[in-house]
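One structure is given below, encoded as structure tokens.
Please treat every number below as a calculation from the coordinates, not as lab data. Note that the structure is a prediction, hence the values are computed from the model and not measured. Here the Cβ positions follow ideal geometry from the backbone for every residue, glycine too, while neighbour counts run over all protein chains shown.
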Amino acid sequence: LFAAEVEFLKGVVAMDGLPPDDRPEVCFAGRSNVGKSSLINALTGRRQLARASNTPGRTQEINFFTTRGGPYLVDLPGYGYANAPLGVVEKWQRLLKDYLAGRATLRRAFVLVDTRHGIKPVDEEIMTLLDRSAVTFQVVMTKADKLTAAGCDKTLAQVREKLARHPAAYPEIVMTSSEKGQGLETLRALIAGIG
Ligand code: GDP
């Protein structure tokens, strides 16, 4: 995944706007501020590819990126944005549900979890949705540089315990830091393996 190989394709606000399902795809999900834009930018080596999605106006958009010869990268907007109007949240949840349940080419979801916070109730909700949609998901811990090794281990233990209750969860957890570059090669290899 090099910068030159990743292109923004489109932002989608409804199911009928989805690009043709002519290749595999992987999606990235996570709470607002989890570090999703930073991770996608670091992964692809591009600055500002995934713009900050922290504003309510952008909470409904699913952003598609193409990779050369590989899967679509799909940036699902951050959830759990406290100040989003209820109508916006409901519309977004509907689209998210329809997308996860109805996208046959969706091969894996990467669910981002902040290493400082661990799995929160909103993360559990999306994981349950993924279980029901039979979409294999893998937890990617973000901002690992913000904790000591012992702190990371503590969160990892909590995450493992919670994942055990999710049938769609892939057992391997990826620790990352966009800031330090930690885990990026692992993630790139996982994505390449899907394409
Ligand atoms: P998003 O809302 O999930 O797209 O989150 P952003 O990528 O905008 O990141 C939210 C905040 O966390 C920003 O202030 C980032 O600079 C910070 N951040 C993101 N990734 C890292 C990381 O790996 N390490 C550290 N220390 N901070 C990070």
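At a glance:
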item: HN-Hα J in Hz across the range 133-149 - Karplus 6.51, -1.76, 1.60, θ = phi - 60°, x for Gly and Pro; result: 8, 6, 9, 4, 10, 10, 7, 10, 7, 10, 6, 4, 5, 7, 10, 6, 4
item: HN-Hα J in Hz across the range 95-105 - Karplus 6.51, -1.76, 1.60, θ = phi - 60°, x for Gly and Pro; result: 4, 4, 4, 4, 5, 5, 7, x, 9, 5, 8
item: Potential lengthening between residue 21 and residue 145 on full extension [0.36 nm per residue; Cα-Cα distance subtracted]; result: 41.0 nm
item: Rounded, prolate or oblate (a/c below 1.5 giving rounded, otherwise prolate when a/b exceeds b/c) for the chain by Cα gyration tensor; result: rounded
item: Cα centroid separation - the range 6-42 against the range 87-152, whole Å; result: 13 Å
item: Residue order, fewest to most surrounding Cβ atoms within 10 angstrom, among 163, 9; result: 9, 163
